[in-house]
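One structure is given below, encoded as structure tokens.
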């Protein structure tokens, strides 16, 4: 609910269990008075920062009494007018001046989310749009607040408009600014690297700034565009947490700054490193959205709120709850060494096990027999696949299976027909040697002729063949940040224009092929973010398929993203990334906590392992709706101890699926109990695997005793509610 009190000039935004209050100061400044637990419509002007005078905090020239932007809770930070904290926008006018001072002009309240053009955006809700005018220039800022009454997520972004006749240059254009009351806070971020994405790290905030981000042209393996501010002492099941998740896939930043008074400013959006945007007369710049989540009951409740929000308002509507393909990908089975016979043999092994889709990964196009060549030449290599894709697809159909294919559209090999024809399509100056990574360059996605070429080539493949699934990959980051098609004064726009070009191509292809299932990938989880999830209902979580490492990766990912968005596969052992051997049952158990599949040579499995594949797939079909719709409860943290355990609960609390792993077998370690979460206290549940029938409060407070398990041994429990007499 959004309410405007005209008497006090206060906006009240009420979500499911939080409230936000914004006040228009008599001088016109938009001040944040409250963000937190639910409140009514009381007059909150007793929080007026005019009552808190602080030495060395300047007073703007347009206020009569003490009021300083240096201590006021601003909804969009200004620069050069007494606010010394991180500004939300830096506008440079023709005379070089960049100070700004924003005053309230007007507001609107309407149904639905704002139109962000090609940018990802959340659906539905109700939006408050507040227009601010810069007193010192012809710039306007429109602040959008999209609210969902059934959610604890508030979506924000900003639109910057040049209302003058002369151009301006943006050097910073953040999506939001939120000032929180003074307190003792910790910061949680998800850091990592290739094969070790989204590792949670919690540290005290302290005075000064904690700034995270990516300048790689992608959200990256190294840091996820997600940050949580926690009150000191808050944990998994108790305490106040505020999450910030960008719906953006390019270079980004998030910053939390504890100021001189103890108040905290959180802001972020597009990374301003190297960024500049020329804003002509009457032009508008739209910033990405951020999803801000409030929880009074710890990280667990925050995660469940984010999962519900992303599934209900971000993930593609036509795919979010639809059954997912259970696939086998040929990559770790064959790498580049395949032909029609090998692929058909893989399908022959897969079909009797219940696998429904064969996915052909890298190496099917151009002259691609290694990673040195042919990216960009999206033509079937008929020397390798005699007769093309058709015979393989027909063979899959005869086995009752569908067919999927891998693309890496954004990349180009130096040794390719495309590069020889269009060397200027690669990012960077032609007269300066480019950085190579994985033996490839990056295509200039800011150029319409490049995206037109990619659309034509990919459309040709998809329209001429019965392909039900596309894996979209990106296997290196951007270095040169230079486009031959942009004038000098617009080179600072490159990084943002690049990701806009990617979004446009994805939208165009999905509109042309609505029946094709698209999965995202970037060297594993290098672009796993809320922006990509607007287009891809699931994302390859990591190239590391080791079950123990995956348990940790999926645990960290679950802080901000739903299980249904995680693509999780069973792979061979010794694992190709770590060399570790984990029991086949444990590999299946961990892979069941997401869209499941297989990444190995099925022909090398033993009869016992093939029987386990059948059981794993049958189990996945049984619990799939829990994975797609259920609530996740994190129980045993693998970063903090010797156990991993999570439970997935149906919304009506009548079913639960519990998966766990003991990392190392220890002598005499017999009395480990798992206390479940999320059950109804008075409800009686049957634990199928243990033959036990117990009340929910018993299961949550007394718990269940773990079996003896070897290293990386797993367990799975299915719970169902018994009708109480």
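The values are calculated or read from the model by the stated rules, or taken from the named source; none is laboratory data. All values reported here derive from a predicted model rather than from experimental measurement. As a convention, Cβ positions derive from the backbone with ideal geometry for all residues, glycine included, and neighbour counts pool all protein chains shown.
What are the residues in region 281-321 that are touching a helix residue (DSSP H, G or I) at 6+ places or on another chain (Cβ under 7 Å) and assigned to a helix (DSSP H, G or I), if any? 310, 311, listed by residue number.
Report whether or not residue 73 is surrounded by 14 or more Cβ atoms within 10 Å (Cβ to Cβ) and either under 35 Å from the mean Cα position of the chain (by Cα) or closer than 28 Å to residue 172 by Cα (or both). So residue 73 passes the test. Taking region 229-254 as the range and being assigned to a strand (DSSP E or B), closer than 16 Å to residue 560 by Cβ and touching a helix residue (DSSP H, G or I) at 6+ places or on another chain (Cβ under 7 Å) as the test, the residues that pass are 241, 243, 245, 247.
Looking only at residues of region 154-189 that are assigned to a loop (DSSP other than H, G, I, E, B) and closer than 16 Å to residue 132 by Cβ, we find that the one that is nearest to the chain's Cα centre (by Cα) is 163.
Here are 570, 648: which of them is farther than 21 Å from residue 306 by Cα and touching a helix residue (DSSP H, G or I) at 6+ places or on another chain (Cβ under 6 Å)? The unique qualifying residue is 570. Whether any residue in region 286-304 is on the phi > 0 side of the Ramachandran plot and either free of Cβ contacts under 8 Å to residues at least 60 places away in the same chain or buried (at least 24 other Cβ atoms within 10 Å of the Cβ) (or both) is what I want to check. No, the conditions are met nowhere in region 286-304.
Of the conditions (1) in a loop (DSSP other than H, G, I, E, B); (2) in contact with a helix residue (DSSP H, G or I) (Cβ under 9 Å, 6 or more places away or on another chain); (3) modelled with pLDDT of 95 or more, residue 192 clears all except one; give me its number. The one condition residue 192 does not meet is (1).
Looking across region 506-530, the residues that are part of a helix (DSSP H, G or I) and either over 19 Å from the mean Cα position of the chain (by Cα) or without any contact (Cβ under 8 Å) to a residue 60 or more places away in the chain (or both) come down to 506, 508, 509, 510, 511, 512. In region 195-226, the qualifying residues are those that are part of a strand (DSSP E or B) and more than 21 Å from the chain's Cα centre (by Cα), and the one that is farthest from residue 299 (Cα to Cα) is 208. Picking from residues in region 330-354 that are touching a helix residue (DSSP H, G or I) at 6+ places or on another chain (Cβ under 7 Å) and not in a helix (DSSP H, G or I), the one that is farthest from residue 401 (Cα to Cα) is 330. Listed by position, the strands (runs of 3 or more DSSP E) inside region 616-723 whose residues that are surrounded by fewer than 20 Cβ atoms within 10 Å (Cβ to Cβ) and either at pLDDT below 95 or touching a strand residue (DSSP E or B) at 6+ places or on another chain (Cβ under 8 Å) (or both) number at least 3 are 684-687, 692-695, 713-722. Any residue that is assigned by TED's automatic domain parsing to the domain that holds residue 150, in contact with a helix residue (DSSP H, G or I) (Cβ under 6 Å, 6 or more places away or on another chain) and buried (at least 17 other Cβ atoms within 10 Å of the Cβ) - is there at least one of those in region 3-24? Checked against the condition, which is being assigned by TED's automatic domain parsing to the domain that holds residue 150, in contact with a helix residue (DSSP H, G or I) (Cβ under 6 Å, 6 or more places away or on another chain) and buried (at least 17 other Cβ atoms within 10 Å of the Cβ), region 3-24 yields no hits at all.
Taking region 462-491 only, how many residues are in contact with a strand residue (DSSP E or B) (Cβ under 7 Å, 6 or more places away or on another chain) and within 19 Å of residue 173 (Cβ to Cβ)? Here the count works out to 2. Kindly indicate whether any position in region 59-69 is assigned to a loop (DSSP other than H, G, I, E, B) and under 21 Å from residue 176 (Cβ atoms). Scanning region 59-69 turns up at least one residue that is assigned to a loop (DSSP other than H, G, I, E, B) and under 21 Å from residue 176 (Cβ atoms).
For region 165-186, does any single residue satisfy the condition of being surrounded by fewer than 21 Cβ atoms within 10 Å (Cβ to Cβ), in contact (Cβ under 8 Å) with a residue 24 or more places away in the chain and out of contact with any strand residue (DSSP E or B) (no Cβ under 9 Å at 6 or more places or on another chain)? Yes; the residues of region 165-186 include at least one that is surrounded by fewer than 21 Cβ atoms within 10 Å (Cβ to Cβ), in contact (Cβ under 8 Å) with a residue 24 or more places away in the chain and out of contact with any strand residue (DSSP E or B) (no Cβ under 9 Å at 6 or more places or on another chain).
Name the residues in region 460-493 that are in contact with a helix residue (DSSP H, G or I) (Cβ under 9 Å, 6 or more places away or on another chain), in a helix (DSSP H, G or I) and surrounded by 15 or more Cβ atoms within 10 Å (Cβ to Cβ), would you? Those that are in contact with a helix residue (DSSP H, G or I) (Cβ under 9 Å, 6 or more places away or on another chain), in a helix (DSSP H, G or I) and surrounded by 15 or more Cβ atoms within 10 Å (Cβ to Cβ): 462, 490. Out of 367, 388, 400, one residue alone is more than 30 Å from the chain's Cα centre (by Cα), on the phi < 0 side of the Ramachandran plot and in a loop (DSSP other than H, G, I, E, B). It is 367. When residue 447 is tested against (1) within 30 Å of residue 599 (Cβ to Cβ); (2) assigned by TED's automatic domain parsing to the domain that holds residue 364, only condition (1) is not met. Only one entry of 533, 500 meets the criterion of being closer than 17 Å to residue 595 by Cα and in a helix (DSSP H, G or I), and that entry is 533. Which of the residues belonging to region 598-609 are surrounded by 15 or more Cβ atoms within 10 Å (Cβ to Cβ), touching a residue at least 40 places away in the same chain (Cβ under 8 Å) and outside any loop (DSSP other than H, G, I, E, B)? Correct list: 598, 599, 602.
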